[in-house]
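The next block holds one structure in the form of structure tokens; read it before the comments.
The values are calculated or read from the model by the stated rules, or taken from the named source; none is laboratory data. Values in this document were obtained by computation on a predicted structure and should not be read as measured data. Note that we place each Cβ from the backbone using ideal geometry, even for glycine, and neighbour counts take in every protein chain shown. All accessible areas refer to the heavy atoms of the entire protein, side chains included, with ligands and DNA or RNA removed. Shrake-Rupley method; radii C 1.70, N 1.55, O 1.52, S 1.80 Å.
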Amino acid sequence: MILIVLQIALFKNMGYYSLATPFPYILILFLLPIGTSNLLLYIFAFLTGLTIDAFYDTIGVHAAACVALIWFRIFFHKITLETDVINSFETPTWSEMGFKWYSTYVLLGTLVHHLVLYIVEVFSFQNILYTLASVGLSSIFTIVIIFIIGVLTYKRRSRLGN
């Protein structure tokens, strides 16, 4: 919830000439426990997107992007995680999953979210290069903020027996 408040209060007014805007609130969706049911994931993503839409004066754009992100998350977990991990309620953090898996997860998920967000927002292929530039720059901006948050909240795994 803190990320939603920060998104609305701080990151809404932060940007680079309306070309790049950070959306680190999607970290909430990345960090939901792995074993959460798909229905709950979709409902939470939709409500999170609608909350952001209410403050950004967009009608369902963020909700659609958040639902697309959850679809990607479910697919990514199915193809990259083992069955015993999928059935656990472990939080997919950098310290738990490792940097390689976590960075791939965040990078691809952010690209999916931002691509859907900007394509639905513009709803035209007239200025596709500008739209793709916005997707790329906003994704980089968002990923940098997410990794800064990850570094600040990183918990070193304790090794038993050593």
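Any idea which of N87, V120, G35 is furthest toward the positive side of the dipole for the range 28-120, if Lys and Arg beta-carbons carry +1 and Asp and Glu beta-carbons -1? Of the listed residues, the answer is V120.
Between helix 61-80 and the chain there is an angle of about 30 degrees, using the helix long axis and the longest principal axis of the Cα atoms.
Taking every alpha-carbon pair under 8 Å whose residues sit at least 6 apart, the range 31-162 reaches a relative contact order of 26 percent. Each Lys and Arg Cβ is given +1 and each Asp and Glu Cβ -1; about its Cα centre, the chain then shows a dipole of about 460 debye.
Out of the total accessible area of the range 26-120 (probe 1.4 Å, heavy atoms of protein only), what percent is carbon and sulfur?
72
In the chain, one over the average inverse separation of all distinct C-alpha pairs is 16.4 Å, which is the Kirkwood hydrodynamic radius.
Rolling a 1.4 Å probe over the protein heavy atoms gives the range 24-106 an accessible area of 48 Å² per residue. Selection among Q7, A54, I140 by position relative to the dipole of the range 1-148 gives I140 as farthest towards the positive end (Cβ unit charges, Cα centre).
Rounded to the nearest 20, the size of the Cβ-charge dipole of the range 42-121 about its Cα centre is 160 debye, with Lys and Arg at +1 and Asp and Glu at -1.
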